[in-house]
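Here the structure is laid out as C-alpha cells; the discussion comes afterwards.
The values are calculated or read from the model by the stated rules, or taken from the named source; none is laboratory data. Since this is a predicted model, take the numbers as computed values, not measurements. Virtual Cβ from ideal backbone geometry, glycine too; neighbours counted across all protein chains shown. These accessible areas exclude ligands, DNA and RNA; they are computed on the full protein's heavy atoms, side chains included. Shrake-Rupley method; radii C 1.70, N 1.55, O 1.52, S 1.80 Å.
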Amino acid sequence: MRRNPHAIFATITASTLLLGGFATATAQAAPAKAESLYAPSALVLTVARGEDPMTATVERAVTLACAPTAQGTHPDPAAACEELAAVQGKFAELAAGPSNRTCTRQWDPVVVTAHGVWQGKPVQFSTTYGNACEMAGSMNDNAVFAF
C-alpha cells in the first residue's frame, strides 16, 4: 500500500476545518447571559426628509441608551432619557401639548423615527411633520429629537 503525502495532508486539513467549523458554530449558538438587572433601553432616533419613513432621506441619526445610565451619541442623553421616562416611552405623548411657535405652511416634510427597545419592550415609532418648524413646535423643543 502506497501512501500519498498530499492526500494525507488534504485529509488532515479538511478534517481540521470541518471540526473547527463545528466548534465555531457551537460557540456561536451558546445562549447569551444576562449582564444587567436593568431592562434594556436602547434606541436609534432619526430625523429624515420626506413623507414616508421607509423612503425618507435620513439627515441625522443618534443612539440613545437609558439603562442603567443615560448614554449614546445623543447630545444630551440624560435629558432625553428623563423626558422618555416621564411619558413612559410613549413617543406620541412627547407632542401632546399645544405649540406656541408660529410656522409657515411650506410643505417640506420631515419624518422622525425611533426604533429599538424601551424598558425591554420593542419600539417602532414614526411621525411626519409638514416642515422642520412644525416638528420643533409640535415636540415643544424637547430634548429627545433635538439633535
Quick one: which residues, 5+ away or cross-chain, put their amide H under 5 Å from the amide H of GLY72? H built at 1.01 Å from N. ALA65
Compute the distance in nm between two label points, each set 7 Å from the Cα along the Cα-to-Cβ direction, one at ALA92 and one at ASP108. 2.9
For LEU84, the accessible surface traced by a 1.4 Å probe with all protein chains present amounts, in square angstrom to the nearest 10, to 0
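Convex hull over the alpha-carbon atoms of the range 47-115: what's its volume per residue in Å³? Don't skip to the end; give the middle numbers.
Details: hull volume 8.1 nm³, N = 69.
Value for the range 47-115: 118 Å³ per residue.
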Explain nothing, just compute: Karplus ³J(HN,Hα) = 6.51 cos²θ - 1.76 cosθ + 1.60, θ = phi - 60°, for every residue of the range 39-52 in order, whole Hz, x for Gly and Pro. 5, x, 9, 9, 10, 10, 10, 9, 10, 9, 9, x, 8, 9
